[in-house]
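Please find one structure pasted underneath; my questions will follow.
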C-alpha cells in the first residue's frame, strides 16, 4: 500500500506535458500544417455575394492575411441601412468563426436560410451589415462570426460578445459608403 503513491508519481513523471497552442506561444512558432489545414473549409460555403472575397492563402498566419475582404466590402458593411422592414430576430452570444472562411457573416440558429442582415453590439451600438447564415444549431446555442465582421465591430477575437441580430428585407437598400 505504501508504494501506490510512488507508482503514481512515476506514472505521472513519464507523461509528456501538453504544449501550449500555437496562438498562445510567445516564441513566434508557426502553426503545424495539420492545424492550418483543419481550419480550411472542406467545401465552398453558399453566400449571397456573387463575387465573394478569395479564401486566405494556406500560409496565412496574421489577421491581415486572413481578412481578404476589400475596402469596398468593408465600406458596404458599415454603410447605414434603411430600417424600414428590418426584423429584429433576437440576441445571441457570438465567438470567432473559422478565419479561413472569407467574407462578412454570422452563422446563427436565429435563421434557417441564408439572408441579408445586420448585427449590433449590445453594449456599444456598433453595427455591421452581414450575411446571416443558418448554423443548424438549437435555439440559444450561440453563433460564430467572421473575423472581418469582428474587426469592423471592434470585438476582441477572444471575446464572447452579445449581439442583436436583425434580418434585412430582400433587396434592402444600403446607403452609399461615400
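Just so it is clear, none of the values below were taken in a lab; they were calculated from the coordinates. All figures in this text were calculated on a predicted structure; none of them were measured in a lab. Glycine also receives a Cβ, built like all others from the backbone with ideal geometry; neighbour counts cover every protein chain displayed.
Contour minus end-to-end for residue 141 and residue 114, with contour as 0.36 nm per residue of separation and end-to-end as the Cα-Cα distance?
On the way: separation 27, 0.36 × 27 = 9.72 nm, distance 1.79 nm.
Length gained between residue 141 and residue 114: 7.9 nm.
Hey, fewest Cβ within 10 Å first, where do 92, 112 land in order?
112, 92
Need one number: % antiparallel among DSSP beta bridges in segment 49-167, to the nearest 5.
If we restrict to bridges inside segment 49-167, about 75 percent are antiparallel.
How do 72, 144 rank when sorted from fewest to most other Cβ atoms within 10 Å of their own Cβ?
72, 144
Nearest 0.05, what FRET efficiency do residue 61 and residue 158 give at R0 = 25 Å with Cβ-Cβ as r?
Given R0 = 25 Å and the Cβ-Cβ separation, E is 0.90.
May I pose another question? Could you pull out which residues in segment 100-139 have an amide N less than 20 Å from a spot 7 Å beyond the Cα of residue 170, following the Cα-Cβ vector?
110-118, 130-135
Here's something else I'd like to know. Give the order of 135, 141 when sorted by the count of other beta carbons within 10 angstrom, beginning with the fewest.
By the 10 Å Cβ count, ascending, the order reads 141, 135.
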